[in-house]
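Q: One structure coming up, written as structure tokens, with questions to follow.
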Amino acid sequence: MKILVVDDEPDVRVLFEQRFRREIRQGEFTFSFAYSGEEALAYLHGHASEVVLILSDINMPGMSGFELLRRVKQEYGAPPPPAPPLVMMVTAYGDTESYNQAMQLGADDFLTKPVDFAALKEKLISLEKQ
């Protein structure tokens, strides 16, 4: 499963690579990283058919995660194949307003920071089996 992680914090890459070391080595998951919404859209334009899941932070300089979500659902939301990528929003703000806005914009899931990596792995494994 190809996963695009979008977060303006460079440490996120190291964290994901550490927490998913075994799965990456076994070829279960492949991660790519973008440090802004704009960079994520540019990546998707060249790799849309590969990306199965986008994990995006909400609060980033420039394009917010909400704007990225809106653009992804608008540009890649309609089949035909390949299937559009799923989008999970990740935020330090677990408030209902952010959750509701994410769901209204078409988010497939909503996670709060710090990320519970055990729960995230379970979600990713169940997605992979679908």
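The values are calculated or read from the model by the stated rules, or taken from the named source; none is laboratory data. The structure displayed is predicted, hence computed values, not measured ones. With ideal geometry, Cβ positions are generated from the backbone for all residues, glycine too; neighbour counts draw on all protein chains shown.
Q: Hey, could you check the stretch 76-91 for residues that are part of a loop (DSSP other than H, G, I, E, B) and hydrophobic (A, V, I, L, M, F, W, C) and say which is surrounded by the fewest Cβ atoms within 10 Å (Cβ to Cβ)?
A: ALA78
Q: Restricting attention to the stretch 32-75, and to residues there that are at pLDDT below 95 and among the β-branched types (Val, Ile, Thr), which single residue is surrounded by the fewest Cβ atoms within 10 Å (Cβ to Cβ)?
A: For the stretch 32-75, the residue satisfying everything is VAL52.
Q: Only one of ASP95, ASP109 is under 24 Å from HIS47 (Cβ atoms) and of a type outside the set (Lys, Arg). Can you tell me which?
A: Within the list ASP95, ASP109, the selection yields ASP109.
Q: Within the stretch 117-128, count every residue that is of a type in the set (A, V, I, L, M) and surrounded by 15 or more Cβ atoms within 10 Å (Cβ to Cβ).
A: Final tally of qualifying residues: 3.
Q: Can you tell me which residue is nearest to ASP11 (Cα to Cα) among those in the stretch 86-102 that are in contact (Cβ under 8 Å) with a residue 12 or more places away in the chain and of a type in the set (S, T, N, Q)?
A: By that ranking, first place goes to THR91.
Q: Give the stretch 2-15 a look and list any residue that's within 16 Å of LEU86 (Cα to Cα) and surrounded by fewer than 16 Cβ atoms within 10 Å (Cβ to Cβ), or say none.
A: Of everything in the stretch 2-15, just one residue is within 16 Å of LEU86 (Cα to Cα) and surrounded by fewer than 16 Cβ atoms within 10 Å (Cβ to Cβ), namely LYS2.
Q: In the stretch 92-116, which residue that is polar (S, T, N, Q) and at pLDDT below 95 is surrounded by the fewest Cβ atoms within 10 Å (Cβ to Cβ)?
A: Here the answer is THR96.
Q: Provide a single number: the residues in the stretch 103-118 that are in contact (Cβ under 8 Å) with a residue 24 or more places away in the chain and assigned to a helix (DSSP H, G or I).
A: 1
Q: If you check ALA119, ALA78, which single one turns out to be of a type in the set (A, V, I, L, M), more than 13 Å from the chain's Cα centre (by Cα), farther than 16 Å from VAL6 by Cα and at pLDDT below 90?
A: ALA78 is the lone residue from the list that is of a type in the set (A, V, I, L, M), more than 13 Å from the chain's Cα centre (by Cα), farther than 16 Å from VAL6 by Cα and at pLDDT below 90.
Q: On to the next question. Would a scan of the stretch 6-16 turn up a residue that is without any contact (Cβ under 8 Å) to a residue 40 or more places away in the chain, touching a strand residue (DSSP E or B) at 6+ places or on another chain (Cβ under 8 Å) and of a type in the set (Lys, Arg)?
A: Within the stretch 6-16, one or more residues are without any contact (Cβ under 8 Å) to a residue 40 or more places away in the chain, touching a strand residue (DSSP E or B) at 6+ places or on another chain (Cβ under 8 Å) and of a type in the set (Lys, Arg).
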